[in-house]
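Asks: Structure incoming, see below.
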Amino acid sequence: MLHIYRQLTALERFQPVVIARKREEAARFPFTPLEVVPRPALHFLRRFWYRNLLNAPWRMSSGEIARIERVLGDHEAQLLHIYFGHIAVHLLPLMRRWPKPVVVSFHGADVMVDLEKPRYRSATREMLANARLVLVRSDSLARGLTEIGCSPEKIRVHRTGIPLGEISFTPRAWPNDGAWCFLQAGRLIAKKGLTTSLRAFAEFRKRHPLATFTIAGEGPMLDALQALSRELAIKEAVSFAGFLSQAELRAEFKRAHIFVHPSELEPDGNQEGVPNAMLEAMASGLPVFATRHGGIPEAIEDGVSGVLVGERDSAALAQALLEWCAHPETLSKLAQSGAEAVAEKFEQRAQARALEDFYFEALGWSARPGS
């Protein structure tokens, strides 16, 4: 994932070694050293046994754990950072055996999913007890982990890092003919609130028939979203752009006037931390209209650095868009404040230094500048 790659490559006081199941897109994510520990031949059978017969999260086999231990030993690793809490649960056998500190980070979707199942909740609690430090993207995720049973003393908020040097702030010229350009970017999945976006846009377009909406991203909801756009009679105004490179996405940022991101909680507990695409849109000078969901209110102050409405409330989102676009001069202030909020809380270099400090803390070492 891009946000993890950015984090790894921004480290200066530690030398990371990546352990992964497989390597993909090496040209896009050049990195060494990287060690591949592939799934064993019977992985899917083992996973089926745990999930369907034991109703428990699957665990890595002793053979896989031994291979990971050899990699850690070969590189004389001092600390293990496991990205995503559900991956850490799979690695519980390693966490029990490895004598050195383990840091686990949670990003949103990996906090509450499946925790209504007793064995999943028990395994998650054991994993949290074995971690030296637990990193979360937002205060809302910290509260969720505390409710599960994680000790508050080991939780640290570590926000995503945005490379502001790569994203230029562009003041927008607001349309005087109603040809507003909306943009949303992310995986086409339920928690992104895309059906709310489409319904709100359909209402907005009744007042501004020249408005258009670009949805960038891939995912399992594509067919359903295309069908909804036809049902709402906005098909000709909605473009499903598919996956975009970073350069292509930033070009869309510059072309757009409004970024929407009405995230919502999924029935299984899947939620957002603080969406990266939303933060990048804010940094680029786009006013953002989002929801009071997950960590979003920690990035956006309603009416100051963005606009927030309730989850799944397409009518409220449409009303907010109509009211703010009726006074475009206020959008400029909103956009400027949004960019300033990202620079203050989410700048990549500052977040990389914070991560290094957490590593020093987990190791019990004193962090010295330049060490």
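Asks: Assuming R0 = 22 Å, can you tell me the calculated FRET efficiency for the pair Glu166 and Phe31, based on Cβ-Cβ distance, to the nearest 0.05?
Replies: Values: r = 18 Å, r/R0 = 0.81.
So the FRET efficiency works out to roughly 0.80.
Asks: On a C-alpha basis, how far is the centre of the stretch 237-300 from the centre of the stretch 12-61 in Å? Whole number, if you could?
Replies: The distance from the Cα centre of the stretch 237-300 to that of the stretch 12-61 comes to 29 Å.
Asks: Taking 7 Å along the Cα-to-C-beta vector as the label spot, tell me the Glu126-Val71 distance in nanometres, rounded to one decimal.
Replies: Distance between the two pseudo-spin positions: 2.3 nm.
Asks: Here is a further query. Would you compute, for the Cα atoms of the stretch 164-345, the largest minus smallest coordinate along each principal axis and list the three values in descending order, in whole Å?
Replies: Principal axes ranked by extent give 40, 39, 31 Å for the Cα atoms.
Asks: If a paramagnetic tag sat 7 Å from the Cα of Leu363 along the Cα-Cβ line, which residues of the stretch 5-27 would have the backbone N under 11 Å from that point?
Replies: Residues 13-16 fall inside that zone.
Asks: Could you work out the relative contact order of the chain, using alpha carbon pairs under 8 angstrom and six or more residues apart, expressed as a whole percent?
Replies: Values: 628 pairs, mean separation 62.7, N = 371.
Here the relative contact order equals 17 percent.
Asks: Okay, moving on. Find the all-direction average of the projected area of the Cα convex hull for the stretch 86-223, expressing the result in square nanometres with one decimal place.
Replies: Numbers: hull surface 49.9 nm².
Average projection, Cα convex hull of the stretch 86-223: 12.5 nm².
Asks: Can you give me the distance in nm between label points at Glu147 and Ala350, each placed 7 Å from the Cα along the Cα-to-Cβ direction?
Replies: Inter-label distance under the simple model: 2.9 nm.
Asks: For the charge dipole of the chain, defined by +1 on Lys and Arg C-beta atoms and -1 on Asp and Glu C-beta atoms about the Cα centroid, which residue among Gly85, Ser140, Ser62 has the Cα displaced farthest towards the positive pole?
Replies: Comparing the listed Cα positions along the dipole, Ser62 ranks first.
Asks: Mind checking the stretch 63-160 for chymotrypsin sites (Phe, Trp or Tyr not before Pro) that DSSP puts in a loop (not H, G, I, E or B) and that have at most 11 other Cβ atoms within 10 Å?
Replies: Working: sites: Tyr83, Phe84, Phe106, Tyr120; in loops: Phe84.
Passing sites in the stretch 63-160 do not exist.
Asks: Checking the a/c ratio against 1.5 first, then a/b against b/c, what shape does the Cα gyration tensor give for the stretch 214-255? If you can, show how the numbers build up before the last one.
Replies: Values: a/c = 4.61, a/b = 1.69, b/c = 2.73.
Here the stretch 214-255 falls in the oblate category.
Asks: Kirkwood Rh over alpha-carbon pairs of the stretch 287-358, then Stokes-Einstein at 10 °C and 1.306 mPa s: what D in µm² s⁻¹, rounded to an integer?
Replies: Working: Rh = 13.3 Å.
The Stokes-Einstein estimate is 119 µm²/s.
Asks: Can you list the GluC sites (Glu not before Pro) in the stretch 136-237 that are in a DSSP coil and have 16 or fewer other beta carbons within 10 angstrom?
Replies: Numbers: sites: Glu147, Glu153, Glu166, Glu203, Glu218, Glu231, Glu236; in loops: Glu218.
Within the stretch 136-237, the qualifying GluC sites (Glu not before Pro) (loop, at most 16 other Cβ atoms within 10 Å) are Glu218.
Asks: Can you list the residues of the stretch 266-303 with backbone N under 19 Å from a point 7 Å past the Cα of Lys333, pointing along Cα to Cβ?
Replies: Correct set: 285-290, 300-303.
Asks: Between Gly73, Val102, Ile162, whose Cα lies farthest towards the positive end of the dipole of the chain when Lys and Arg beta carbons carry +1 and Asp and Glu beta carbons carry -1, centred on the Cα centre?
Replies: It is Gly73, whose Cα lies furthest towards the positive end.
Asks: Next up: Please sort by residue number the trypsin sites (Lys or Arg not before Pro) in the stretch 1-110 whose DSSP state is loop and whose Cβ has at most 14 other Cβ atoms within 10 Å. Intermediate values should be presented prior to the final figure.
Replies: Values: sites: Arg6, Arg13, Arg21, Lys22, Arg23, Arg28, Arg46, Arg47, Arg51, Arg59, Arg67, Arg70, Arg96, Arg97; in loops: Arg13, Arg21, Lys22, Arg23, Arg28, Arg59.
Taking the stretch 1-110 and a limit of 14 other Cβ atoms within 10 Å, the loop trypsin sites (Lys or Arg not before Pro) found are Arg21, Lys22, Arg23, Arg28.
Asks: Here is a further query. Between Glu236 and Lys206, how high is the FRET efficiency from 1/(1 + (r/R0)^6) when r is the Cβ-Cβ distance and R₀ = 25 Å? Nearest 0.05.
Replies: Numbers: r = 14 Å, r/R0 = 0.58.
It comes to 0.95.
Asks: How would the chain be classified by its alpha-carbon gyration tensor: rounded, prolate or oblate, with rounded meaning a/c under 1.5 and the a/b versus b/c comparison settling the rest?
Replies: Details: a/c = 2.05, a/b = 1.65, b/c = 1.24.
Because a/c hits 1.5 or more and a/b exceeds b/c, the chain counts as prolate.
Readers should treat all values here as calculations from the given coordinates under stated rules, not as data from a laboratory. Computed from a prediction, not measured in an experiment: that's the story for all the values here. Note that we place each Cβ from the backbone using ideal geometry, even for glycine, and neighbour counts take in every protein chain shown.
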